[in-house]
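The values are calculated or read from the model by the stated rules, or taken from the named source; none is laboratory data. The shown structure was predicted, so the numbers you read here are calculated from the model rather than taken from an experiment. Cβ placement follows ideal geometry from the backbone for every residue including glycine, while neighbour counts extend to all protein chains displayed.
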Amino acid sequence: MALEQKLSLKLSQRLIMTPALQQAIKLLQMSTLELREEIATELQENPALEESLEQDGNEAVEQPPTLTADGNAEQTSPGENDSENKERDSLSEIDLEYMLQNYYDGGATTPRGSYEARGDDRLWETNLTRSPDLSDHLLEQLTLALTGPVDEEIGRAIIGNLDSHGYLQASLEELVAMSDHDPADIQRVHDVVQGFDPAGVGARNLRECLLLQLRRLDLEDTPAATMVRDHLDLLQVRHYEELARCLELTPAQLREQLEILRRLDPHPGDRFTPGTAQTVIPDVMVIKLGDEYQVVLNDDGFPRLRVSRYCRTILKGGAGASKDDREFVRQKLNAAVRLIKSIEERQRTIYKVACSIVRQQRPFLDHGINSIRPLVLRDVAEDVGVHESTVSRVVNNKYMHTPNGIFEMRFFFHSGLTNLSGEDISSLTVKESIRNIVDEEDSRHPLSDSAIAKLLMQQEQIPIARRTVAKYREELRIPASTLRRRSVFGC
């Protein structure tokens, strides 16, 4: 087949995200802490951007273009995007008066109703300090219990293979393969680690964890230890009558041994790992003033941004700037203004979404969790006039401080059910009703999911399927009725 050269025409359409659009989306889904870090990074990397130390925010800032229907920043035309790739020296594409007047002298002003503008500091209770985790706690004991670099290396390897609950995730054979140490030394150090606080740490399974704790209490020869060692399967399914027969215990004796086991901790490491030790800083503050609620943005700690004074000199042809210098400054100045616009758009969008949530969840703010309403992203999107994806980005990883406490903004979105009166009821309210029913049931005759569904229908006029009850019960981490049953032993 002969090779040939020819020209061909082809029409195509492509959806291209401009840098401004990409940055708007990126900033919109950032939390307050992430945005602070992003601003700090831009201040270091972009010489055209600087922090204004002036505190007077009276100068008005021209509002940048609003978000489009899908919640993203308005895109530039394809022709403008193509022109960025061409070498140019003209400054006509940059509105210098707009940039220098609005982003140089006064910087980006604080939006109306913002937290910073109030001069009010109520976030001290959210500044959490990091407490030592399980690894820190064990390593501290390791330095006191062992001597010699070999033992310390083995101990660190063992502690490094513990999960957050305190269980050893690697077998001793795997530790031998990883460290090339003598198996006897690894076993010896492992025994030492199992003697550390908290009791039960370093176990390889639940049985070993409980037995370690019983040994620490000098109860390894009691019926409680026998239950764990030989009859853990019966204990887990609460077959107490069979346990009593196997151990030849009376009901009173069985209750006594079970009470010992209840004081043990199946997850000894959890007390050191209550969760990620992060500072939760609300992005939105909801303050009650009389009978009304005011929404303010938390801008505390945000620097006021403006264009560098030196860039103004270069753009006007001063400082002996060459063509390449002005091109470099032009690019950096575009990036600086784009960042300021994106931040302002982000704040406005979050404010609108927060106001919509407050309006639609007013009963929750007034009366508490039982009055929360069903709410989906589409409801807020239609109210604000943006796309659902924009609302999703806004509420993701952001928090709202309300008179009822600090909540993740996604907390206010729940599916709902309709009762016989035609009223919409949040799934959160239904879950709370299920929890109350289980708390009040006869522990010797626990209610099945079908029975709970019937009670919800009878008491609260909520038609609900058994499978939905089972789903909500599992989300509440409530065991099935067979596991909630207590025997005649009172256990």
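Each row is one residue, and each column tells you yes or no for (1) closer than 19 Å to Pro479 by Cβ; (2) at pLDDT 85 or above; (3) surrounded by 14 or more Cβ atoms within 10 Å (Cβ to Cβ).
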position	(1), (2), (3)
Gly416	no, no, yes
Glu423	no, no, no
Pro446	yes, yes, yes
Asp449	yes, yes, yes
Ala453	yes, yes, yes
- Query: Which of the following residues is among the β-branched types (Val, Ile, Thr), surrounded by fewer than 16 Cβ atoms within 10 Å (Cβ to Cβ), farther than 30 Å from Leu28 by Cβ and in the same structural domain as Ala145 (by TED's automatic domain parsing): Val228, Val237?
  - Reply: Val237
- Message: Tell me whether the stretch 170-180 contains one or more residues that are touching a Pro at 6+ places or on another chain (Cβ under 7 Å) and closer than 30 Å to Thr482 by Cβ.
- Response: no
- Out of all the residues in the stretch 201-216, which are within 32 Å of the chain's Cα centre (by Cα) and assigned to a helix (DSSP H, G or I)? Leu206, Cys209
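Determine which member of the set Ser171, Ser164, Ser179 is touching a Leu at 6+ places or on another chain (Cβ under 8 Å), on the phi < 0 side of the Ramachandran plot and not hydrophobic (A, V, I, L, M, F, W, C).
Ser164 is the lone residue from the list that is touching a Leu at 6+ places or on another chain (Cβ under 8 Å), on the phi < 0 side of the Ramachandran plot and not hydrophobic (A, V, I, L, M, F, W, C).
State yes or no: is Ser371 in contact with a His (Cβ under 6 Å, 6 or more places away or on another chain) and either in the same structural domain as Thr482 (by TED's automatic domain parsing) or within 23 Å of Leu476 (Cα to Cα) (or both)? Steps first, answer last, please.
Working: in contact with a His (Cβ under 6 Å, 6 or more places away or on another chain): no; either in the same structural domain as Thr482 (by TED's automatic domain parsing) or within 23 Å of Leu476 (Cα to Cα) (or both): yes.
So Ser371 does not fit the description; no.
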- Message: For Met457, only one of the following conditions fails: (1) without any contact (Cβ under 8 Å) to a residue 40 or more places away in the chain; (2) surrounded by fewer than 18 Cβ atoms within 10 Å (Cβ to Cβ); (3) under 30 Å from Glu241 (Cβ atoms). What is its number?
- Response: (3)
- Condition set modelled with pLDDT under 85 and part of a loop (DSSP other than H, G, I, E, B), scope the stretch 11-44, selection nearest to Val284 (Cα to Cα): answer is Ser31
- If you scan the stretch 319-367, which residues turn out to be farther than 30 Å from Val391 by Cα and among the acidic types (Asp, Glu)? Asp324, Asp325, Glu327
- Within the stretch 234-242, is even one residue farther than 25 Å from Gly202 by Cβ and touching a Lys or Arg at 6+ places or on another chain (Cβ under 8 Å)? yes
- Task: Spot the failing condition for Ile186; the list is (1) farther than 22 Å from Pro266 by Cα; (2) surrounded by fewer than 14 Cβ atoms within 10 Å (Cβ to Cβ), and only one is missed.
- Result: (2)
- Query: Can you tell me which residues in the stretch 462-483 are more than 22 Å from Ser415 (Cα to Cα) and in a loop (DSSP other than H, G, I, E, B)?
  - Reply: Pro479, Ala480
- Say whether the condition of being crowded, with 16+ Cβ neighbours inside 10 Å, closer than 22 Å to Gln236 by Cα and small (Gly, Ala, Ser) is met by at least one residue in the stretch 466-477. yes
- Task: Please find, within the stretch 254-274, the residue that is surrounded by the most Cβ atoms within 10 Å (Cβ to Cβ) out of those that are of a type in the set (Lys, Arg) and over 27 Å from the mean Cα position of the chain (by Cα).
- Result: Arg255
- Only strands (runs of 3 or more DSSP E) wholly contained in the stretch 386-461 count here; list those with 2 or more residues that are over 13 Å from Ile357 (Cβ atoms). 405-408, 416-418, 424-426
